[in-house]
Each structure stands twice: as structure tokens, then as C-alpha cells.
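Encoded as C-alpha cells, the structure appears first; notes follow it.
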Amino acid sequence: MSLEIKGRITSISNLITVGTFTKKELIIETPETYPQTLCIEFGKEKADLLNGLRTGQDVTVSINIRGKKWVSPQNETKYFTSLSGWRIASETAQQP
């Protein structure tokens with residue numbers, strides 16, 4: 001499922017490496033009456049899309065919603081959902 005989300009950047013992580021996987025995490029806050037704070041992962045080569053962006057910028061992020069089922073050794077089932085970014089566009093100049 002692919003969607004677009006608009007929001008203001010509140011932080012961008014440094015490059016995170018887990019095993020052979022690398023990613024950056026973009027945190028944005030949506031401009032709604034009840035704002036949502038969302039963590040969007042940019043994996044591998046997509047992490048470079050965040051270079052040059054700054055806290056305070058308004059952006060539109062294209063995302064895919066990913067879901068995964070996991071069964072523990074104790075036979076407990078858990079579900080995980082993540083937002084994976086694949087495109088980002090700046091809406092305004094950097095805010096002071």
C-alpha cells in the first residue's frame with residue numbers, strides 16, 4: 001500500500017546499521033488538529049534522500065506500509081507495522 005504523508009521534520013537519525021541492513025529514521029509531525037508524530041524508515045540507498053534536509057522543513061513523503069507477523073519461541077504471535085519511505089519532497093524553505 002502506497003500513500004503520501006505531509007508533515008514537518010522534527011528529527012533525522014544518523015545512519016543505523018543492523019547486521020547488513022542500513023537505514024535512517026525520519027520523524028515528522030502532521031499538521032492536523034491532533035498532530036501525529038510518525039517515524040518513517042528510509043532503508044539502504046533511500047537513506048541518501050534525507051541528505052540536505054533539516055529540522056523544521058515541511059515535506060511530503062511517499063511511503064509504503066509494511067506489516068509482518070512473528071511467532072515467538074513461546075508460540076506467542078505478534079504483529080509489526082512500519083512505514084517505509086521511498087520519495088521525499090520539501091514543501092518550504094527551512095524554518096528558523
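The values are calculated or read from the model by the stated rules, or taken from the named source; none is laboratory data. Please read these numbers as outputs of a predicted model, since none were measured by experiment. Note that each Cβ is placed from the backbone with ideal geometry, even for glycine, and that neighbours are counted across all protein chains shown. With ligands, DNA and RNA removed, areas are computed over all heavy atoms of the protein, side chains included. Shrake-Rupley method; radii C 1.70, N 1.55, O 1.52, S 1.80 Å.
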*Loop only per DSSP, at most 12 neighbouring Cβ atoms within 10 Å: give me the GluC sites (Glu not before Pro) in the chain, ordered by residue number.*
32, 76, 91
_Per residue, in Å², the accessible surface of segment 1-76 once ligands and nucleic acids are set aside, probe 1.4 Å_ = 66 Å²
*asked:* I need to check one value: relative contact order of the chain, counting alpha carbon pairs closer than 8 Å and at least 6 residues apart, in percent.
replied: 30 percent
_Farthest toward positive dipole pole in the chain [+1 Lys/Arg, -1 Asp/Glu at C-beta], among 31, 75, 20_ = 75
*Size of the chain along its principal axes in angstrom, Cα-based, largest extent first?*
51, 34, 22
*Measuring from label point to label point, each 7 Å out along Cα→Cβ, what is the residue 66 to residue 30 span in nm?*
2.1 nm
*At a 1.4 Å probe, what is the % contribution of carbon and sulfur to the accessible area of segment 33-96?*
49 percent
*What trypsin sites (Lys or Arg not before Pro) in the chain are in a loop by DSSP, with at most 12 other Cβ atoms within 10 Å of the Cβ?*
54
